[in-house]
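Step one of this worksheet: look at the structure below.
The values are calculated or read from the model by the stated rules, or taken from the named source; none is laboratory data. Predicted, not measured: the structure shown is a model, and the values here were computed from it. When the accessible area is computed, the model is the full protein with side chains, heavy atoms only, and any ligands, DNA or RNA have been set aside. Shrake-Rupley method; radii C 1.70, N 1.55, O 1.52, S 1.80 Å.
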Amino acid sequence: MCSGKLQTALLVAGYFVYLLVGAAVFQALERTAEKQEKMAAAQMKEAFLQNFTQLTVAEMEQFMKNLIKAIQNGVYPVGNESQFEESNWDFSNSFFFAGTVVSTIGYGTLHPKTAGGQIFCVFFALFGIPLNIVFLHRVGKMLSLLCKKLGKFLYEKGMRKKIKFLTLLFFLATGILVFLCLPSVFFQITEGWSYSEGIYFAFITLSTIGFGDYVVGKQSDRKYFSYYRVLVAIWILFGLAWIALLFNLLTTVLEDTEKIIVKDLQQIGKVSKDNVGSQQRRCWPVQFIPEEEPLPPRAGGDAMKMESLTADSEHTKNEKKLFSNSKTLAIT
C-alpha cells in the first residue's frame, strides 16, 4: 500500500516538474521573438494611422496580410502600447501551453515560432505525451477505486441489483458537476461568456477536440489574475482523467448492450426459422410431405434370417422325433 502511494506521489511530482521545466524553456525561447513581433506590429499600426488616406490598393492589401499574419502569431495590435508589453509567453501562459501540448488538445492560437522553440516542442511532446498517458491512467485508477468503494457501500446497504447503474450514475453526475458545470460558472464570470459557451468550451477542451474558437485568457479588454491559466491547465489535466474513464465506462456499456441485442436477434431468428419450418410442414399436402427413407439392410441380413429359419425347423424336427421315441417306449 505504501509503495503504491509512493509511486503515485513520485509520478505526480515528476509530471508537474516536467511541465514546469517545459514552461520555463518555452518562455525563454519564445518571449524575445514575440516582443520583436509586437514592436513590428505597433510600428505597422502607427504607419497605417499616419498614412491611411494616401495608401494605394496594393499597400492596403499588404497591410491586411501583415495584420492577418500578426493575429495568427498571437499578436493583436489593438489598444495602447502598454498592452504590447504583456506577453503571451509569460510563465502562466507557457505552463498552459505545455499542458495543451502533452494533452494533445492543441488549440492553435499559441504556438512556437522560433526554430529552437519548434524543435524543443517536438521532443517535449515526444516524451510528454506518454508521460501524460501514464499520469491519466494512474488518476483514472484512483477514480476507479472510489467507484469500487461506492459500490461496496451500496452493496452493504442492500442495493445489490443496481450497483453498476447507481455507481455509473453517481460518477457521471459528480464529474459533470465538478468538471463541467462549476467551471462554466467560473468561465462565465472571468471571460464574460454565456453559460452555454462555458459548457461548450469545457467539453471541447476535456474531450481534446480543441477547436480553438474559445480560449481562456485571450481577451485584451479583460484583466486576469495571476496564474489564471495555470489553474485552468490543472483543471484540464484532472478533467482529462475523468472524461477518459467516463468514455471507457460508456464504451463498456455500449459493448454489453450490443452483445445483448445480437444475442436476442439470434434467438428471434432461430425461433422464427423453426416456426416457418413447422408451418411449411403443416401447409404441405400429404402426398408432398417427404417420407422417411427406410434404412438400407445391413450386409448379410437375408442370409442370417434364412439361417435362423433353418435352425428353427431343425429344432422342431428334433423335438418331434424325441416325442415319438418317448411314446414308443411308453407303449412297450
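Computed quantities for the displayed model
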item: Å² of accessible area per residue within segment 82-142, as computed with a 1.4 Å probe and no ligands counted; result: 45 Å²
item: Portion, in percent, of the accessible area of segment 1-117 that falls on carbon or sulfur, probe 1.4 Å; result: 62 percent
item: Rg to Rh, two decimals, where segment 28-71 supplies the alpha carbon set and Rh follows Kirkwood; result: 1.08
item: Subset of K162/K263; K69/K218; K164/K259; K157/K263; K141/K263; K157/K259 violating a 27 Å alpha-carbon distance limit; result: K157/K263; K141/K263; K157/K259
